[in-house]
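Please read the structure below before turning to the comments.
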Amino acid sequence: MAASDPRQNLDLVRAVERIAAARRVAAFTGAGVSAESGVPTFRGGEGLWENHPLEEVASIQGWRRDPLRVWRFYEGRRGDLRRIRPNAGHYALAELERRIPEFSLITQNVDGLHILAGSQRVTPLHGDLWRVRCVRCNYAAEDRTHPLPELPPACPVCAAHLRPDIVWFGEAVPLYAEAERLASGADLLLVIGTSGHVYPAAGLVQAGLEAGAFMLEINPEQTALSRYAHLHLRGPSGEILPRLLEQLESLEGQGR
Ligand code: BJW
Ligand code: ZN
């Protein structure tokens, strides 16, 4: 987003005014928000899945077929993540949460970067790369050990396999009802860095719109959700979100 483009600057001002006027804001993020931290997105040129067929490493069928292969894939992801830090977009969202009393963040990302940046009200819709859970009993825990001493790891309670605590294709999304409550209670929905291809997550946008929310999309590309956006700020979230925050601060400084 070029700083000198007058139409885009006008859109930025409109977006800031919406944020300043909103009572309840729900941000809905996807892989794009972490792209500038160096986390590959799922779809498109450098898509994460190019070397790993999606259905083999992120589906319950793939897990049943070959748990070791799935764990090797997730160990690679966990290893990469140890070197990765939140970017300016994550920090701007954490700051927005501090400024807006009713602000919630629903993320499809499993990288934990929103929490690391300081966001507190986070609903991790598709799970968490740093959590494991037992396939047999109720054991579930955070485990940041890397590399894990054995793959697949064994449950300390019942010795069955532990799996990554991630929502795979074909699995129910346990936090969906909570996320839907947040999206449909918002008067402003920020949709950031998601292609909108994966359901039921993308259905949150519909839920928010049906309840009357204004939808602001931040994405360098057109997406499956763009046609529902009232306003689309086209550009990387690591640049746009800090600019929104900066302008919000100056608007508040003017006593508005
Ligand atoms: C930037 C940027 C920058 C780039 N700044 N932006 C047919 C139709 C509809 C649905 C289905 C169907 N067939 C099957 C389904 C269901 C299926 C589904 O949706 N499939 C579709 C792919 C077709 N969904 C499921 O299976 C879900 N469960 C379910 O439906 O359960 C039913 C059930 C009920 C009861 C009992 C049992 C079952 C579960 C879905 C789980 C998804 N999990 C994954 C992988 C696990 C996580 C992991 O290992 O990492 O989650 S899939 C993957 O996609 C990941 C993501 O969270 C998710 C969304 O991707 P996201 O975030 O949108 O990333 P990208 O790469 O797609 O987009 C990146 C965007 O960023 C782009 O727009 C870029 O332009 C942008 N960008 N740089 C801002 N700097
Ligand atoms: Zn167990």
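Every read-out reported here was derived from the displayed coordinates using simple, explicitly stated rules and does not represent laboratory data. Quick caveat: nothing in here was measured; it's all calculated off a predicted structure. Here Cβ is always computed from backbone atoms with ideal geometry, including for glycine, and neighbour counts include all displayed protein chains.
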For region 186-256, divide the Cα radius of gyration by the Kirkwood radius and give the resulting Rg/Rh value with two decimals.
1.02
Rounded to whole angstrom, the alpha-carbon centroid of region 28-42 lies from that of region 131-147 at a distance of 24
Under-5 Å amide H pairs with GLU102, H placed in peptide plane, nonlocal only:
VAL25
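Relative contact order for region 189-256 using alpha-carbon pairs under 8 Å, separation at least 6, rounded to a whole percent?
Details: 73 pairs, mean separation 19.7, N = 68.
Relative contact order for region 189-256 comes out at 29 percent.
With the contact rule set at Cα under 8 Å and sequence spacing of 6 or more, what percent relative contact order holds for the chain?
Working: 453 pairs, mean separation 62.8, N = 256.
Across the chain, relative contact order equals 25 percent.
With Rg and the Kirkwood Rh both taken from Cα atoms, where does Rg over Rh land for region 141-186? Mind dumping the intermediate values first?
Values: Rg = 15.5 Å, Rh = 13.4 Å.
With Rh from the inverse mean 1/r over Cα pairs, Rg/Rh is 1.15.
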Residues listed by number, region 163-186, amide nitrogen under 17 Å from ALA140 label point at 7 Å toward C-beta:
163-180
Radius of gyration and maximum dimension Dmax of region 125-211, Cα, Å:
16.5, 48
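Once you order the gyration tensor axes a ≥ b ≥ c over the Cα atoms, which shape class does the chain get: rounded for a/c under 1.5, otherwise prolate or oblate by comparing a/b with b/c?
Working: a/c = 2.02, a/b = 1.92, b/c = 1.05.
The shape class here is prolate.
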According to a simple spin-label model (label point 7 Å from Cα along Cα-to-Cβ), what is the distance in nm between ARG121 and GLU210?
2.3
Within 10 Å of each candidate Cβ there may be at most 10 other Cβ atoms; applying that plus a DSSP loop requirement, which trypsin sites (Lys or Arg not before Pro) in region 71-114 survive?
ARG82, ARG83
Using modelled amide H (1.01 Å from N, peptide plane; none on Pro or chain starts), what sits under 5 Å from the amide H of THR107, excluding residues fewer than 5 places away?
THR29, THR123, LEU125
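Are there any GluC sites (Glu not before Pro) in region 168-256 that are in a DSSP loop and have at most 14 other Cβ atoms within 10 Å? List them by number.
Values: sites: GLU171, GLU178, GLU180, GLU210, GLU217, GLU221, GLU239, GLU246, GLU249, GLU252; in loops: GLU171, GLU221.
Hits after loop and neighbour filter: GLU171, GLU221.
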